[in-house]
């Protein structure tokens with residue numbers, strides 16, 4: 001039981017339960033003439049939707065009043081949404097570039113996993129129409145020769161991309177200090193328009209948007225075999241890819257995406 005005086009007050013509990021009942025039950029006449037059934041079909045649909053959650057409401061009834069209100073609000077409105085940081089043009093040929101030319105990520109396999117995970121989410125959840133494979137951009141970058149690296153726009157031009165989501169990796173490891181097993185990554189992101197050769201996002205106030213991903217220290221022994229270590233790196237790479245995509249997709253607040261503004 002909550003320690004809050006409001007939640008323990010009998011009048012407050014009664015009003016809370018009344019609030020839930022009024023919020024969830026539409027005011028409909030008990031009987032309707034046949035000729036009005038079609039007119040009120042939408043009202044009946046809402047009623048059936050409410051009744052479908054009856055079991056959940058019955059369980060809520062055993063909780064303190066304040067908890068009843070919180071749970072009922074969640075049922076009515078659904079989980080909180082986190083807005084996207086930038087809206088991509090769905091019609092433009094877009095590519096995700098994992099820029100690890102100054103090596104930080106432990107293997108090419110995990111660089112590929114980051115890019116493919118992000119582009120798959122942007123296609124399926126972000127409804128992008130013209131994604132270019134991130135592996136195409138990666139292959140072009142790997143063919144560079146000489147000491148001078150090509151710029152993001154020049155790399156994008158080589159694969160005929162119109163927009164490049166550039167992710168520059170800063171760190172990627174399973175331990176922050178060599179002792180504690182706590183996987184994490186740091187990176188910075190920007191979106192470039194290849195045609196105009198200008199940055200689309202972030203705005204003029206900063207060149208890159210920084211991101212960090214950290215996993216709470218895990219209990220028990222850290223991975224000791226090569227296969228276990230590779231599995232943990234692969235899991236971290238997938239999380240990096242999801243984090244990248246979620247910057248440009250509205251998603252539920254419960255999804256952990258490492259954004260610094262949360």
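Sorting 159, 98 by the number of Cβ atoms found within 10 Å of their own Cβ, with the fewest placed first, yields 159, 98. With neighbours defined as other Cβ atoms within 10 Å of a residue's Cβ, the residues 149, 138 order from fewest to most as 149, 138. Note on residue 130 and residue 180: with the Förster distance fixed at 51 Å, the Cβ-Cβ geometry gives a FRET efficiency of about 0.75. When the P(r) of the range 94-252 is calculated, the portion above 27 Å amounts to 25% of the C-alpha pairs. Cβ-to-Cβ counts within 10 Å put 86, 233 in ascending order as 86, 233, the fewest first.
Here each label is just a point 7 Å from Cα along the line to Cβ, and for residue 86 and residue 107 those points are 3.1 nm apart.
Here, each number is a calculation from the coordinates, and none is a lab measurement. Predicted model, so just to flag it, every value in this text is computed and none were measured. Here the Cβ is made from the backbone with ideal geometry for all residues, glycine too, and neighbour counts use every protein chain on show.
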